[in-house]
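Read the structure below first, then the notes.
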Amino acid sequence: IISNMTQNTLAFMKERFDWLAFFDTCVFSCEIGSNKPRREIYETCLRRLGLPAGECLFVDDSAENVEGAREVGMWALRFESMEQFLAELQVYELVQ
């Protein structure tokens with residue numbers, strides 16, 4: 001997860017959303033002092049994952065944030081609808 005949020009929102013989420021533990025890493029803007037679409041937030045995620053950018057897919061509903069991920073070399077898709085998202089995944093052969 002790469003997310004822009006305040007400390008208060010993050011504290012609320014950590015108390016109530018157990019599903020955060022299912023992610024290999026979570027990068028929150030309020031913890032690192034950089035937010036999307038600045039390259040530092042994407043680079044922090046890549047370092048924590050230990051993966052090259054070209055092996056990672058970033059999905060966001062903001063065109064600006066998608067472009068930020070692409071600028072660091074990540075695969076990136078803009079989410080507009082489930083139908084559109086699944087169709088684009090198939091185009092890039094990311095799903096069968």
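Identify the residue in segment 80-91 that is of a type outside the set (Asp, Glu) and either open to solvent by 70 Å² or more (accessible area, probe 1.4 Å) or in a helix (DSSP H, G or I) (or both) and, among all such residues, is nearest to residue 51 (Cα to Cα).
So the residue we want is 89.
Collect the residues in segment 34-60 that are open to solvent by 70 Å² or more (accessible area, probe 1.4 Å) and over 23 Å from residue 93 (Cβ atoms), keeping them in residue-number order.
Passing the criteria: 38, 39, 40, 47, 48.
Is there any pair linking a residue in segment 61-72 that is farther than 16 Å from residue 88 by Cβ and free of Cβ contacts under 8 Å to residues at least 24 places away in the same chain to one that is open to solvent by 30 Å² or more (accessible area, probe 1.4 Å) and in a helix (DSSP H, G or I), with Cβ under 8 Å and at least six apart or on different chains, and which?
No pair meets every condition.
The values are calculated or read from the model by the stated rules, or taken from the named source; none is laboratory data. These figures come from a predicted structure and were not determined experimentally. Because the Cβ atoms are built from the backbone with ideal geometry, glycine has one as well, and the counts that use them run over all protein chains shown. Calculation scope for accessible area: heavy atoms of the full protein, side chains included, ligands and nucleic acids excluded. Shrake-Rupley method; radii C 1.70, N 1.55, O 1.52, S 1.80 Å.
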